[in-house]
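Sharing a structure with you now.
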Amino acid sequence: MAGYFSELFKYDFMIRAIIAILVITPLFGMLGTMIVHRKMAFFSDALGHSALTGIAIGIVLGITDTNISMVIFAVVFAFLLNQINRRRLVATDTLISVFASCSTAIGLAILSFGGNFSKYSALLVGDILSITSKEIVYLLLIFVATITFWFVAINKLNAISVNPTLAKSTNIAVRIVEDVFAIIIALVVTLSIKWIGILLINALLILPAASARNISTNMREYHGYAIIFSLFSGVIGLIMSYFNNVATGPMIVIVASVIYFLTYIMGRERK
Amino acid sequence: MRKIAKPCGFHCVKIKDIGVAFGDQVILENINLHIHCGQLLAIIGRNGAGKSTLVKAILDDIPHTGTVEFKDVEDGKMQKIKIGYVPQTLNLEENAPMDVYDLICSFRYNYPVFFKNKKIYGEIKEALAEFDAEDLIDKQVGRLSGGELQRVLLSMAVMDNPNLLLLDEPVSGIDKNGMDLFYDKMEYLKENYDMSIVVVSHDLDYVAKYADKVVLIDKAVMAEGTVREVYESEEFKEVFGNSRFEITAKSTTTPIYEVDVAKSHVHKRDIVEKQTPFEASYKGRKEED
């Protein structure tokens, strides 16, 4: 058995994949807590889809590293969505859907020009085994930035989600906190989209936090469980995908979904 | 935790020329209010009169004209006002993973809420004790009853020693017992804290019994003064109907709200729940005068 597992670490790409998982998943668990808490599941989904448009724009503009155009587009997109959202003219979910569909369609149209879409189809499911050391460094940077933001802003984010007027009356800079949070989500989502995949990235953001929510009564439990569930799904999903020869992203999400249903039953029994 | 134990009578909050308009539609205009520390001012008015908008304007949550000033009458100095606000509701589902500690820590402290801090825990417990709510500290906020939530929110609003305590319709979803408790607490706050209290209220009985000053608004200030002055004004009768006075003179057993339901904004639910007839408190006041 031990030999069976040591086989995992024989390959450099596996070691890199495990390091990447250990960096990404706690981050996703953590961000997910406030995405679920603030009912932003649609928002993060739309950001994932905007990655396609960002890449397409990069190609049209002739940028060699489309990662740059993808990140910039997602940040602008997140910022704009926040601005329009504040006007409260239309329901948020409708608005986000409209934006997401529109940008996805534009992205797909450009990328499929001349029948070339198959080149980009890997983006849809992701491939963590192809991550390079340089890309792991990027992930570490965003990891540090997010943790710092979390320590400074978690109370404020939580307060705003409970009652924005009350938060404002206690001198919380509502707009800035909301905007920075949206930008952080955009950065994390776009920087990890190649490894997790557009179709699955939102599941990985939402599922661990939603599972934690089923069985938590306070913020400490909520954060703790979300991070543990996310890490666990990531590591187990990666190992299972290696031995079963299936794509890693879907395997991680399957594990996370199983956890969700288990915690759902546990949560119901506790009531 | 508190520095000043008694209202000094020298501080006052001046709400000057507040006006709110969305596009061409004027919601509020020329609202001027003046409240001294140790005073309870009640804002009443029909549904849609702009009461909640006024609260939001005072909190600077919406674009408005006019100012809110906090002044020391003795030396005439202006200070930055600190407002303690108790909202109508919180945006939380029943099972939201947030206990009372998390709620108060998020609003009042910078220490990240995902770690527990014993010192902060103690301070929050102390603040809650002021409103007999210390046992609620580990309870989930979404599962608190209306009365419990209100005590928690009051503790949170008061723990920062505000100059102005602003309560937006704090009485909805609370039974008569809870209402009595709430207004008893208001009396206690008036006597023991150096602050002014503004309550946006739906309940004319309690306003009659406890308010020092009443303001009737409908886009603008329609009537203001003591309870008696406002309740006997033409404007008051126009908004709430004057039948209640006639009925109370005839019989005390008649459910007074029945006549007024169509005109007033008192919820139908109140008709069933409320047992304190308006005239009792109103008469009590008259006799005192």
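The values are calculated or read from the model by the stated rules, or taken from the named source; none is laboratory data. All values reported here derive from a predicted model rather than from experimental measurement. Don't worry about glycine lacking a Cβ; one is built from the backbone with ideal geometry, like all the others, and counts go over all protein chains shown. Quick note on the areas: whole protein, heavy atoms, side chains included, nothing else; ligands and nucleic acids left out. Shrake-Rupley method; radii C 1.70, N 1.55, O 1.52, S 1.80 Å.
Which one is surrounded by the most Cβ atoms within 10 Å (Cβ to Cβ) among residues in region B:36-45 that are out of contact with any Lys or Arg (no Cβ under 7 Å at 6 or more places or on another chain) and hydrophobic (A, V, I, L, M, F, W, C)?
Going through region B:36-45, the residues out of contact with any Lys or Arg (no Cβ under 7 Å at 6 or more places or on another chain) turn out to be B:36-37, B:42, B:44.
Cutting the leftovers down to hydrophobic (A, V, I, L, M, F, W, C) gives us B:37, B:42, B:44.
Values: B:37: 24, B:42: 24, B:44: 28.
The qualifying residue surrounded by the most Cβ atoms within 10 Å (Cβ to Cβ) is B:44.
Something else about it: Please identify the pairs in which a residue from region A:252-268 that is on the phi > 0 side of the Ramachandran plot and open to solvent by 80 Å² or more (accessible area, probe 1.4 Å) has its Cβ atom under 9 Å from the Cβ atom of a residue that is of a type in the set (D, E, K, R) and assigned to a helix (DSSP H, G or I), counting only partners at least 6 apart or on another chain.
Matching pairs, first to second residue: none at all.
If you check A:18, A:24, which single one turns out to be over 24 Å from residue A:66 (Cα atoms) and touching a helix residue (DSSP H, G or I) at 6+ places or on another chain (Cβ under 8 Å)? Quick ask: steps written out before the conclusion?
Working: A:24 fails: over 24 Å from residue A:66 (Cα atoms).
Of A:18, A:24, the one residue that is over 24 Å from residue A:66 (Cα atoms) and touching a helix residue (DSSP H, G or I) at 6+ places or on another chain (Cβ under 8 Å) is A:18.
Moving on to the next point. For region B:69-91, does any single residue satisfy the condition of being assigned to a loop (DSSP other than H, G, I, E, B), open to solvent by less than 40 Å² (accessible area, probe 1.4 Å), more than 9 Å from every other protein chain (Cβ to nearest Cβ) and more than 30 Å from residue B:36 (Cβ to Cβ)?
For region B:69-91, residues assigned to a loop (DSSP other than H, G, I, E, B), open to solvent by less than 40 Å² (accessible area, probe 1.4 Å), more than 9 Å from every other protein chain (Cβ to nearest Cβ) and more than 30 Å from residue B:36 (Cβ to Cβ): absent.
Pick from region B:101-136 the residues that are of a type in the set (Val, Ile, Thr) and surrounded by 19 or more Cβ atoms within 10 Å (Cβ to Cβ): which of them is farthest from the other protein chains (Cβ to nearest Cβ)? Reasoning before the result, please.
Keep residues of region B:101-136 that are of a type in the set (Val, Ile, Thr), which gives B:104, B:113, B:120, B:124.
Next cut, surrounded by 19 or more Cβ atoms within 10 Å (Cβ to Cβ) only: B:104, B:113, B:124.
Details: B:104: 10, B:113: 5, B:124: 13 Å.
Only one residue fits best here, namely B:124.
Something else about it: Can you give me the number of residues within region A:158-186 that are buried (at least 20 other Cβ atoms within 10 Å of the Cβ) and away from every other protein chain (no Cβ under 13 Å)?
6
In region B:137-148, what residues are surrounded by fewer than 19 Cβ atoms within 10 Å (Cβ to Cβ), part of a helix (DSSP H, G or I) and within 13 Å of another protein chain (Cβ to nearest Cβ)?
Listed by number, the residues that qualify are B:142, B:143.
Shifting gears a bit: I'd like the full set of residues that are open to solvent by 60 Å² or more (accessible area, probe 1.4 Å) and within 14 Å of chain B (Cβ to nearest Cβ), limited to region A:129-157.
Listed by number, the residues that qualify are A:148, A:151, A:152.
Taking the conditions exactly as written (within 14 Å of another protein chain (Cβ to nearest Cβ) and either assigned to a helix (DSSP H, G or I) or open to solvent by 20 Å² or more (accessible area, probe 1.4 Å) (or both)), does residue B:184 satisfy them or not? Reasoning before the result, please.
Numbers: within 14 Å of another protein chain (Cβ to nearest Cβ): no; either assigned to a helix (DSSP H, G or I) or open to solvent by 20 Å² or more (accessible area, probe 1.4 Å) (or both): yes.
No; evaluated as a whole, the condition is false for this residue.
Sticking with this structure for a sec: Can you name every one of the helices (runs of 4 or more DSSP H) wholly within region A:155-271 that holds 3 or more residues which are over 30 Å from residue A:72 (Cα atoms)? Show your work before the answer.
Numbers: elements: A:164-169, A:174-196, A:201-215, A:219-244, A:248-270.
So the answer is A:164-169, A:201-215, A:219-244, A:248-270.
Here's a follow-up. For region A:187-214, give me the residue count where each residue is open to solvent by 10 Å² or more (accessible area, probe 1.4 Å) and within 14 Å of chain B (Cβ to nearest Cβ).
Of all residues in region A:187-214, those open to solvent by 10 Å² or more (accessible area, probe 1.4 Å) come to A:187, A:191, A:194-195, A:199-200, A:202-203, A:206-207, A:210, A:213-214.
So of that shortlist, the ones also within 14 Å of chain B (Cβ to nearest Cβ) come out as A:210, A:213-214.
Of the residues in that region, 3 qualify.
So which residues in region B:163-179 are modelled with pLDDT of 85 or more and more than 25 Å from residue B:49 (Cβ to Cβ), if there are any at all? Reasoning before the result, please.
So the first thing to find is which residues in region B:163-179 are modelled with pLDDT of 85 or more, and the list is B:163-167.
Passing the criteria: only B:163.
I would also like to ask the following. Does residue A:91 meet the test of being at pLDDT below 80 and aliphatic (A, V, I, L, M)? Write out each step before concluding.
Numbers: at pLDDT below 80: yes; aliphatic (A, V, I, L, M): yes.
Yes; evaluated as a whole, the condition is true for this residue.
Determine whether region B:25-46 contains at least one residue that is within 25 Å of residue B:189 (Cβ to Cβ), within 14 Å of chain A (Cβ to nearest Cβ) and within 19 Å of the chain's Cα centre (by Cα). Explain how you work it out, then say what you get.
Pass one, region B:25-46, residues within 25 Å of residue B:189 (Cβ to Cβ): B:31-45.
Narrowing further to those that are within 14 Å of chain A (Cβ to nearest Cβ): none.
No: region B:25-46 contains no residue that is within 25 Å of residue B:189 (Cβ to Cβ), within 14 Å of chain A (Cβ to nearest Cβ) and within 19 Å of the chain's Cα centre (by Cα).
Please count how many residues of region A:254-271 are within 18 Å of residue A:196 (Cβ to Cβ) and within 14 Å of another protein chain (Cβ to nearest Cβ).
The initial filter retains those residues of region A:254-271 that are within 18 Å of residue A:196 (Cβ to Cβ), namely A:254-260.
Now narrow it down to the ones that are within 14 Å of another protein chain (Cβ to nearest Cβ): none.
So the count comes out to 0.
Oh, and also: Give region B:140-189 a look and list any residue that's closer than 16 Å to residue A:162 by Cα and of a type in the set (Lys, Arg), or say none.
Within region B:140-189, just B:143 meets the criteria.
Still on this model: Of the conditions (1) in contact (Cβ under 8 Å) with a residue 60 or more places away in the chain; (2) in contact with a helix residue (DSSP H, G or I) (Cβ under 8 Å, 6 or more places away or on another chain), residue B:81 fails just one. Which one is it?
So residue B:81 meets the others, but not (2).
Next question. Only residues that are surrounded by fewer than 23 Cβ atoms within 10 Å (Cβ to Cβ) and of a type in the set (Gly, Ala, Ser): list them for region A:224-245, please.
A:224, A:241
What are the residue pairs meeting all of these: first residue in region A:37-54, first residue within 14 Å of chain B (Cβ to nearest Cβ), second residue not β-branched (Val, Ile, Thr), Cβ atoms under 6 Å, and 6 or more apart or on different chains?
A:37/A:161; A:38/A:161
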